[in-house]
1. In the stretch 226-254, how many residues are modelled with pLDDT of 95 or more and within 13 Å of ligand 3 (Cβ to nearest atom)?
2. Taking into account only those residues within the stretch 6-27 that are out of contact with any helix residue (DSSP H, G or I) (no Cβ under 9 Å at 6 or more places or on another chain) and in a loop (DSSP other than H, G, I, E, B), which is nearest to F51 (Cα to Cα)?
3. If K69 meets every condition in (1) part of a helix (DSSP H, G or I); (2) in contact (Cβ under 8 Å) with a residue 40 or more places away in the chain; (3) surrounded by fewer than 24 Cβ atoms within 10 Å (Cβ to Cβ) apart from one, which number is that one?
4. Identify all residues within the stretch 245-263 that are surrounded by 20 or more Cβ atoms within 10 Å (Cβ to Cβ) and in a helix (DSSP H, G or I); write none if there are none.
5. Would you be able to tell me the number of residues in the stretch 264-293 that are over 25 Å from the mean Cα position of the chain (by Cα) and not in a helix (DSSP H, G or I)?
6. Is there any pair linking a residue in the stretch 149-170 that is without any contact (Cβ under 8 Å) to a residue 40 or more places away in the chain to one that is among the polar types (S, T, N, Q) and within 9 Å of ligand 1 (Cβ to nearest atom), with Cβ under 8 Å and at least six apart or on different chains, and which?
7. Say we look at the stretch 150-175 and pick out the residues that are near ligand 2 (Cβ under 9 Å from one of its atoms) and touching a Ser or Thr at 6+ places or on another chain (Cβ under 8 Å); which of these is nearest to K209 (Cα to Cα)?
8. Count, please, the residues in the stretch 151-174 that happen to be under 30 Å from A23 (Cβ atoms) and within 16 Å of ligand 1 (Cβ to nearest atom).
Amino acid sequence: MSEAFMRGTLIQGIGGFYTARTAEGREYILRCKKKFRREGISPLTGDEVLFTPGEGERHGWIEEILPRKTVSVRPPVANVNLLVIVLAPEPEADLLLTDRLASRAYAQGMGVILAVNKTDLDDGLPERIAEEYRPAGIRVFPVCTRNRAGLQELREAMQGSLCCLAGQSGAGKSTLLSILMGMDLETGELSRKIARGKNTTRMSILLEKDGLRVMDTAGFNLLEAEKALPPEELRFRYPEFLPYEGKCRFRECLHDREPGCAVQEAAEHGVIHMNRLQRYRSLLSETRENWRERYD
Ligand SMILES: Nc1nc2c(ncn2[C@@H]2O[C@H](COP(=O)(O)OP(=O)(O)OP(=O)(O)O)[C@@H](O)[C@H]2O)c(=O)[nH]1
Ligand SMILES: [Mg+2]
Ligand SMILES: [Zn+2]
């Protein structure tokens, strides 16, 4: 029967009604069949679905949710495969938050790039940040939404991925999003207010324009949702540490301050950036604490 189904991507959902967009750009309003609820599955923005369209004014039905490449619980989105972390000189760039976001993104199977905005205020910051992240293979894009600089390079890096912007409040995510997607920010804010006013559950919105696909969601900074992580797993979320795995004196080395640590040595030689390693150690002690308290 499945040949009769249509295929689309869920671009939003409000109050149990979902919008699917087909590859040709046509949109359909759908509801979710009860079988999904019985199975404990709810459709997420970004989901690839098979559906039967409704006739005339009637909504159609989601028949099948295709296997997800990535899933994020908070915000609840599917298939995001590139996290764009937005930083700026003002408010001061929080690299600990950046590492938190990046490590979680890796754990979820996403790629990571950094957009360092507001180069009109400090045009040296992108390179200083790039030095720290180059060993991890995390690319840094200097941008200035005020002067419209660097946007084309960032666009190209985002092409072909389902992206999500994250980062500190005030870094310029909304400004950047509205410029990249050529959309009216006011409209977005307005529809959000309406959705809230009606007391409906509104999912993230998947925006698409000129081959760019970006989730409009605020929630990506809410990291506390992640369940306690075993401390010995944190290190696998740092790509630049991986080549040294198994090369430390102790087999179970967490690259904390153990003697004979190959990662420490790499950092001393500047192959890994010492600041990244030091922030890793802060996150490690936090991870240990959360792990100890996981049953509280
Ligand atoms: N100087 C300068 N200011 C900018 C630039 N881009 C954005 N801003 C300003 O930075 C402030 C914050 O921008 P937003 O886009 O609202 O930041 P945000 O990341 O969406 O913040 P939250 O929604 O609170 O998370 C605004 O006052 C923007 O005008 C830039 O390139 N240069
Ligand atoms: Mg914003
Ligand atoms: Zn080590």
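1. Within the stretch 226-254, residues that are modelled with pLDDT of 95 or more and within 13 Å of ligand 3 (Cβ to nearest atom) number 18.
2. If we take residues in the stretch 6-27 being out of contact with any helix residue (DSSP H, G or I) (no Cβ under 9 Å at 6 or more places or on another chain) and in a loop (DSSP other than H, G, I, E, B), then T22 is nearest to F51 (Cα to Cα).
3. Evaluating K69 over (1) part of a helix (DSSP H, G or I); (2) in contact (Cβ under 8 Å) with a residue 40 or more places away in the chain; (3) surrounded by fewer than 24 Cβ atoms within 10 Å (Cβ to Cβ) leaves (1) as the failure.
4. Answer for the stretch 245-263, where residues must be surrounded by 20 or more Cβ atoms within 10 Å (Cβ to Cβ) and in a helix (DSSP H, G or I): just V263.
5. 4
6. A149/T119; G150/T119; L151/T145
7. Once the filter is applied, the top-ranked residue is T175.
8. Counting residues in the stretch 151-174 that are under 30 Å from A23 (Cβ atoms) and within 16 Å of ligand 1 (Cβ to nearest atom) gives 11.
The values are calculated or read from the model by the stated rules, or taken from the named source; none is laboratory data. These numbers come from a predicted model, not from an experiment. Note: ideal-geometry Cβ built from the backbone for every residue, glycine included; neighbour counts use all protein chains shown.
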